[in-house]
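Notes for the one structure printed next.
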Amino acid sequence: MFANGQTVVQLLEQLAPKHIAMENDKIGLQLGTLQKEVTKVLVALDVTHEVVDEAIATGAELIVAHHAIIYRPLAKLDTSTPAGKLYEKLIKHDIAVYIAHTNLDVADGGINDWMADMLGVPAEGRSSLEDVHTDKLYKLVVFVPETHHEQVLQAVWNAGAGQIGGYSHCSFNINGTGTFKPGDGAQPFIGETGRLERVHEVRIETIVPHSAHRKVVQAMLKAHPYEEVAYDLYPVELKGRVFGLGRVGKLPEAVKLGELAERAKTAFDVPALRLVGDPERLVRKVAVLGGSGSRYIRHASFAGADVLVTGDIDYHTAHDALAAGLSIIDPGHNIEKLMKPRLADWLRGELQQRKYATEAVPSAINTEVFRFV
């Protein structure tokens with residue numbers, strides 16, 4: 001059985017939910033439809049004519065890309081323009097394009113974490129360069145018969161409820177008596193139509209993050225035995241998990257800046273990179289940010305980083321960083337290509353776990369526009 005396009009996207013959004021993207025970012029479905037069976041997903045950094053040709057040749061009905069193909073509202077669709085020709089080719093071959101951009105950057109286990117992993121920055125002790133989204137929290141209150149208390153509790157925990165800071169499986173449970181009278185047409189799990197029932201029940205209270213609230217409620221309803229479930233879901237002031245752009249953390253041991261630059265060349269598969277700072281300088285605290293990081297120099301300095309690894313650093317920003325004592329390793333914007341095999345592997349695993357035959361493969365097309373001569 002092959003997955004529907006919407007199912008593929010729902011799986012992807014478990015890793016990179018749309019609501020954690022930066023404001024006004026162009027993400028989500030940009031062209032085509034998700035209401036169709038998908039036999040193959042092509043994961044790409046950019047959607048170029050070469051990438052579309054690859055999708056056609058390999059039979060992919062859906063391209064999941066990092067960089068958007070539509071940046072601003074279209075006044076018209078002129079198929080004589082380069083962009084218009086690209087859209088025309090995608091439409092003629094019924095290939096949909098879905099974009100995961102800053103939501104994939106920000107996500108736990110997304111691009112910025114992958115970058116840090118590849119440079120040897122341990123996950124323990126990492127923090128973000130800039131907080132961009134704080135998950136809202138809700139309180140879920142549900143009344144359950146004692147016989148199904150543990151079943152419902154485990155279901156909501158497994159769906160993502162009960163996390164407070166570094167503690168999981170948090171809940172409060174109170175025993176009491178529930179009353180109800182089934183009306184005509186009701187099919188009660190307990191009791192009889194027209195008779196007032198008193199049942200030993202447990203009131204479960206637990207915390208639910210916004211990112212998981214639909215999944216938690218669905219899991220609760222599925223596990224609950226009642227035909228009509230009595231529950232409340234309301235917002236609370238307690239702050240939830242914070243999602244941020246970029247990562248900063250300490251290497252196990254200090255290394256020379258030049259050695260870290262060579263490590264970056266190998267890890268990110270680039271023939272050359274730009275280096276700001278003394279190659280002999282010892283560095284340990286490393287900040288990383290996929291894509292264009294010029295405006296994050298101050299963030300890296302404020303975080304106490306010795307070096308920032310990012311792309312698209314301009315001349316004057318490099319001088320400002322050097323004056324502030326911050327070294328820079330600039331391997332280019334295209335190193336975000338690392339998302340192709342990793343996201344394809346992640347998506348393939350999720351599909352296989354659910355017994356779908358849909359494939360997820362990384363694009364083999366190199367979309368780097370710069371050449372070193």
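Data for the structure
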quantity: Within region 229-242, considering residues that are charged (D, E, K, R) and loosely packed, with under 12 Cβ neighbours inside 10 Å, the one farthest from the chain's Cα centre (by Cα); calculated: Asp232
quantity: Any hit, region 328-343, residues being over 26 Å from the mean Cα position of the chain (by Cα) and touching a residue at least 24 places away in the same chain (Cβ under 8 Å); calculated: yes
quantity: Out of Leu137, Leu129, sole residue that is more than 23 Å from Gly249 (Cβ to Cβ) and surrounded by 14 or more Cβ atoms within 10 Å (Cβ to Cβ); calculated: Leu137
quantity: Conditions (1) of a type in the set (Val, Ile, Thr); (2) modelled with pLDDT under 95; (3) under 31 Å from the mean Cα position of the chain (by Cα); number of the one not met by Thr179; calculated: (3)
quantity: Given (1) more than 17 Å from the chain's Cα centre (by Cα); (2) among the aliphatic types (A, V, I, L, M); (3) surrounded by fewer than 21 Cβ atoms within 10 Å (Cβ to Cβ); (4) over 30 Å from Met220 (Cα atoms), number of the condition Ala123 does not satisfy; calculated: (1)
quantity: So Leu343, is it part of a helix (DSSP H, G or I) and surrounded by 17 or more Cβ atoms within 10 Å (Cβ to Cβ); calculated: yes
quantity: Leading residue by the ranking (surrounded by the fewest Cβ atoms within 10 Å (Cβ to Cβ)) among those in region 295-326 that are hydroxyl-bearing (Ser, Thr, Tyr) and within 23 Å of the chain's Cα centre (by Cα); calculated: Tyr296
quantity: Residue that is part of a helix (DSSP H, G or I) and of a type in the set (Asp, Glu), where the choices are Asp25, Asp53; calculated: Asp53
quantity: Selection status of Glu259, charged (D, E, K, R), without any contact (Cβ under 8 Å) to a residue 60 or more places away in the chain and not in a helix (DSSP H, G or I); calculated: no
quantity: First in region 205-216 and among the polar types (S, T, N, Q), second anywhere and in a strand (DSSP E or B), Cβ under 6 Å, 6 or more apart; calculated: Thr206/Leu140
quantity: Extreme residue, farthest from the chain's Cα centre (by Cα), among residues of region 86-120 that are acidic (Asp, Glu), under 17 Å from Leu289 (Cβ atoms) and at pLDDT 95 or above; calculated: Asp117
quantity: Total residues in region 291-323, condition of a type outside the set (Val, Ile, Thr), in contact with a strand residue (DSSP E or B) (Cβ under 7 Å, 6 or more places away or on another chain) and in a loop (DSSP other than H, G, I, E, B); calculated: 6
quantity: Any hit, region 349-369, residues being part of a helix (DSSP H, G or I) and either touching a residue at least 60 places away in the same chain (Cβ under 8 Å) or surrounded by 14 or more Cβ atoms within 10 Å (Cβ to Cβ) (or both); calculated: yes
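The values are calculated or read from the model by the stated rules, or taken from the named source; none is laboratory data. In this text, all values refer to a predicted model and were calculated from it rather than measured experimentally. For neighbour counting, all protein chains shown are included, and Cβ atoms are generated from backbone atoms with ideal geometry for every residue, glycine included.
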